């Protein structure tokens with residue numbers, strides 16, 4: 001798994017228009033607050049600005065992919081650099097939908113986030129949904145300084161759970177990676193690989209009847225003792241959900257399996273609610289996406 005670069009990604013003139021979405025942004029400090037500059041982008045990614053939902057110096061940016069989903073070899077690449085001392089939250093307007101790939105091409109979703117010293121990154125995208133016969137490769141790479149702070153989530157569904165009679169675990173190929181590097185040292189690498197009928201069937205057994213897997217990562221150089229227990233207690237009792245919490249030094253990792261989408265979302269929000277005061281110095285609030 002390659003490390004993300006802080007340099008913007010340059011468009012390739014060979015890319016087919018509409019097949020390769022690209023967005024480069026940079027968070028900077030200006031006049032006492034963080035602002036996000038769009039450096040360049042290609043459709044179907046679109047720039048629609050940001051807002052200050054918490055009424056402080058942290059902008060919330062919605063990543064807009066106007067294509068509505070991935071078909072037969074589509075690529076979306078989001079690249080962000082947070083300069084030292086900045087704070088920013090990135091989320092999406094909707095789930096990432098991966099449609100069938102009858103010709104065998106693989107659709108790719110790539111996110112590279114580079115976080116400077118003393119910066120705060122909150123990355124809370126919606127879930128990825130691999131439809132029947134889809135071929136999916138997802139990569140999330142976050143590179144941080146030891147003094148930076150992070151709350152990030154990742155969620156993968158088994159398919160269109162309530163479509164017709166159900167369409168779960170009927171994708172043909174799924175690779176999903178989430179990596180975090182701190183101070184040049186890889187601290188976490190979460191990789192899900194299900195690329196043939198046998199491994200897809202094994203994945204279904206491992207999920208034990210659940211249809212959604214979510215993961216949350218929280219990091220700060222001064223996480224308080226016992227915060228991992230607070231996370232566990234916050235998630236306990238959510239219907240249809242099982243969760244485990246692990247702490248490695250100053251990194252907390254939360255693994256969630258849920259029967260329904262809303263249950264996984266609720267569990268992720270509970271984890272955010274327990275971790276955000278220690279990471280960002282404020283409470284969690286539902287993210288406005290209007």
>> Every residue in the stretch 260-285 that is part of a loop (DSSP other than H, G, I, E, B) and either surrounded by fewer than 16 Cβ atoms within 10 Å (Cβ to Cβ) or more than 20 Å from the chain's Cα centre (by Cα) (or both), please.
In response: 281, 282, 283, 285
> How about the stretch 201-220: which of its residues are outside any helix (DSSP H, G or I), closer than 10 Å to residue 257 by Cβ and in contact with a strand residue (DSSP E or B) (Cβ under 8 Å, 6 or more places away or on another chain)?
Replying inline: 208, 210, 211, 212, 213, 214
> Restricting to the stretch 273-282, what's the tally of residues that are within 14 Å of residue 229 (Cα to Cα) and touching a strand residue (DSSP E or B) at 6+ places or on another chain (Cβ under 6 Å)?
Replying inline: 1
> Any idea which residue in the stretch 154-200 is modelled with the lowest pLDDT, counting only those that are on the phi < 0 side of the Ramachandran plot and out of contact with any strand residue (DSSP E or B) (no Cβ under 9 Å at 6 or more places or on another chain)?
Replying inline: 165
> Of (1) touching a helix residue (DSSP H, G or I) at 6+ places or on another chain (Cβ under 9 Å); (2) surrounded by fewer than 23 Cβ atoms within 10 Å (Cβ to Cβ), residue 171 satisfies all except one. Which?
Replying inline: (2)
> For the stretch 116-168, which fully contained strands (runs of 3 or more DSSP E) count at least 1 residues that are within 13 Å of the chain's Cα centre (by Cα), over 22 Å from residue 71 (Cβ atoms) and free of Cβ contacts under 8 Å to residues at least 40 places away in the same chain?
Replying inline: 120-124
> Does at least one position in the stretch 45-54 carry a residue that is part of a strand (DSSP E or B), under 28 Å from residue 105 (Cβ atoms) and under 19 Å from the mean Cα position of the chain (by Cα)?
Replying inline: yes
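The values are calculated or read from the model by the stated rules, or taken from the named source; none is laboratory data. As the structure is a prediction and not an experimental result, all values here were calculated from the model. Glycine gets a Cβ as well: all are built from the backbone with ideal geometry, and neighbour counts include every protein chain shown.
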